[in-house]
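Dropping a structure here in structure tokens format, bear with me for questions.
Nothing in this text is a laboratory measurement; each read-out follows from the coordinates by a stated rule. Every value quoted in this text rests on a predicted model; they were computed, and no experiment measured them. Note that each Cβ is placed from the backbone with ideal geometry, even for glycine, and that neighbours are counted across all protein chains shown.
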Protein chains: 2
Amino acid sequence: MEKNDKKDFVVEIISIGEELLIGKIVNTNATWLASRVTKLGGKVRRITVVGDDVYEIISAINEAIKRKPNLIITTGGLGPTFDDKTMEALAKLINKPLKINHEIANIIRERCLRKNLPVNEKRLKMAYVPEGSKVILNRIGLAPGVIITKNNVKIVALPGVPDEMKDLFNRGIAPLICGEKFFEEELIVEDIYEADIASIIDEVMNKIPEVYIKSHPKIEDDKVVLKLHIYSRRSHEVVKNAVKMIIEKICLTKGKIRHCLAG
Amino acid sequence: MEKNDKKDFVVEIISIGEELLIGKIVNTNATWLASRVTKLGGKVRRITVVGDDVYEIISAINEAIKRKPNLIITTGGLGPTFDDKTMEALAKLINKPLKINHEIANIIRERCLRKNLPVNEKRLKMAYVPEGSKVILNRIGLAPGVIITKNNVKIVALPGVPDEMKDLFNRGIAPLICGEKFFEEELIVEDIYEADIASIIDEVMNKIPEVYIKSHPKIEDDKVVLKLHIYSRRSHEVVKNAVKMIIEKICLTKGKIRHCLAG
């Protein structure tokens, strides 16, 4: 783990959905968010996955609040079906009622009129948000995102449909995240085991403590292949220096550099 | 969320690795484990992702223990590099020292001899496990899994390399998981919105409360496509009855059944 400075913009992600807990859906939303937050300068400290259960959602958010992040992002549970319970959980969390937001209700009515769809109770459910919350309009689907605050921690709820989640994040959340840039390089190495590169990683990280080097081993056609991810929030220069140093040290072993990718 | 009976075998998954928090790697390990646990009859209640940090690992495990699951499965952090810290965290968690396991040390020496690799300190690091822990040997890589117990909760640590994790789970953990079977079907529906199928789902779930129906909407070439996942732990019969009832009700709307998959 990189050192956490006081100035870090710390983010926690909470993914909501039974489908994640039964292993039906891979949590690519959390990966996308984590990558975007990291590149914007934020630091994701924890990702939590809970089911479609009001008590579980509230518990997970309250536990995250106690760790005092700068921002909590939830995804999922904002749609029209019985198991979309995030708004109910958020309202209970801040002890406010769910109230109809007329701007959203009007948008729902207008879009339904245009598409010749019924304005039923299930669609209008998506216009109910916790009283006092700030709304982020959804341009793709109907369910809006909301921003609420508890104990000085900002909590943003985004829909679980990936395209909607991404659009709402980019428009409403990305501008809130600040921090240092993220610089990275990737190195793919053959014929050297993780246990043999471990001391090279130690050496390089001792000489250049601003970089973090992570190794990911796998076997390809009976051959050991190591993917090294070298990154830093200091400068691209330190990352490139670390890459150079690793390459030099690997050349002194029987390992081979297969590929070097600019990040 | 399905109703949690007292007899449920509840599992929590804790994924360890900075690469997950920066969005470099999609957490397919958690999805695979969640799916396997579900099919074996267990219920995954929560998935938590933390970085390579002893304090964070201990916190996440202690928080999970407080929720009294039957089993906690961790993945990652067992390898030879500086940031593989799970064994250290587990030892601190149960207040025991890390001790060399001579069986593992001998296996490491023997495999190195066979492959003409040095038996260095980094490789031998993988033979150190918390005193008193039960070891699950790794047949693919070197890092073993371990089983420890705290406050009557079993904690299993598995490696993060997917093939190793899967093999260790199947041999050492799967036999520990018991519970009711999982029955499922999938239905793909066109030209009906989630907000319009929501009341059909309500109706069917009211008539057959043992099934859970989850809808996953997406847009394909400007067309609405809904994937419905229908599942139960009761019997395949109730799932098939629910599917039949949904199909009948959809036929009364302008929606079309595109595909029906047996689970």
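Just checking the output field for A:24-37: average partner chain Cβ neighbours within 10 Å of each residue's Cβ?
6
Still on this structure, please answer the following. About its Cα centre, how strong a charge dipole does the range A:183-262 have in debye, to the nearest 20, once Lys and Arg get +1 and Asp and Glu get -1 at the Cβ?
Values: 13 positive and 15 negative charges, 44 e Å.
My answer is approximately 220 debye.
Still on this structure: About the Cα centre of chain B, what is the dipole size in debye to 20, counting +1 per Lys and Arg Cβ and -1 per Asp and Glu Cβ, all else neutral? Walk me through the numbers before you get to the answer.
Details: 43 positive and 36 negative charges, 217 e Å.
The dipole of chain B has a size of about 1040 debye.
What average number of partner chain Cβ atoms lie no more than 10 Å from the Cβ of the residues making up A:194-204? Kindly include the intermediate steps, with their values, before the conclusion.
Working: counts 10, 18, 6, 3, 11, 6, 0, 5, 3, 0, 0.
The shielding value for this peptide is 6.
So if I restrict to the alpha-carbon atoms in the protein assembly as shown, what is the Rg, and what is Dmax, the biggest pairwise distance, in Å?
Using the Cα atoms of the protein assembly as shown, the pair Rg, Dmax is 24.4, 75 Å.
Which of B:Pro159, B:Phe182, B:Pro144 sits closest to the plus end of the dipole of chain B, meaning its Cα is farthest towards the positive end, when Lys and Arg get +1 and Asp and Glu get -1 on the C-beta?
B:Pro144
Calculate how steeply helix B:102-115 sits against the longest principal axis of the alpha-carbon atoms of chain B, using the helix alpha-carbon long axis, and give the answer as 0 to 90 degrees to the nearest 10.
On a 0 to 90 degree scale, this one is about 90.
Per-residue Cβ counts within 10 Å, from other chains only, averaged over B:233-239: what number is that?
Average per residue, whole number: 0.
In addition: Which distance in nm do the two modelled labels at B:Thr149 and A:Lys254 give, with both placed 7 Å along the Cα-to-Cβ direction?
So the label points at B:Thr149 and A:Lys254 sit 4.6 nm apart.
Determine the shape class of chain A: with a ≥ b ≥ c the square roots of the Cα gyration tensor eigenvalues, call it rounded for a/c under 1.5, and otherwise prolate if a/b is greater than b/c, oblate otherwise.
Since a/c reaches 1.5 and a/b is larger than b/c, the shape of chain A is classed as prolate.
Could you identify which residue out of A:Lys223, A:Lys240, A:Lys125 has the top mean-square fluctuation in a GNM of chain A using Cα springs shorter than 10 Å?
Of A:Lys223, A:Lys240, A:Lys125, the most mobile in the Gaussian network model is A:Lys223.
Pairwise over distinct Cα atoms, reciprocal of the mean inverse distance: report the Kirkwood radius of the range B:224-263 in Å, one decimal place.
Computed over the range B:224-263, the radius equals 11.1 Å.
Name the GluC sites (Glu not before Pro) in the range B:99-201 that are in a loop by DSSP and that have at most 15 other C-beta atoms within 10 Å, would you?
For GluC sites (Glu not before Pro) across the range B:99-201 that sit outside H, G, I, E and B with at most 15 neighbouring Cβ atoms in 10 Å, the list reads B:Glu131.
Calculate the FRET efficiency for B:Lys68 and A:Arg171 from the Cβ-Cβ distance with a Förster distance of 45 Å, rounded to the nearest 0.05.
After rounding to 0.05, the efficiency reads 0.60.
If the cut-off is a Cα-Cα distance under 22 Å, which lysines reach A:Lys218, setting aside same-chain residues fewer than 8 apart in sequence?
A:Lys227, A:Lys249, A:Lys254, A:Lys256, B:Lys24, B:Lys85, B:Lys115, B:Lys122, B:Lys125, B:Lys166
Among A:144-157, A:242-255, how do they line up from the highest to the lowest mean number of other beta-carbon atoms within 10 Å?
For the peptides A:144-157, A:242-255, the packing ranking is A:144-157, A:242-255.
For the pair A:Lys7 and A:Asn95, how long in nm is the line joining their label points, each one 7 Å along Cα→Cβ?
Label-label distance for A:Lys7 and A:Asn95, simple model: 3.7 nm.
Okay, moving on. Could you tell me how many degrees, from 0 to 90 and to the nearest 10, lie between the Cα long axis of helix A:194-207 and the main elongation axis, the longest principal axis, of the Cα atoms of chain A?
Roughly 90 degrees between the two axes.
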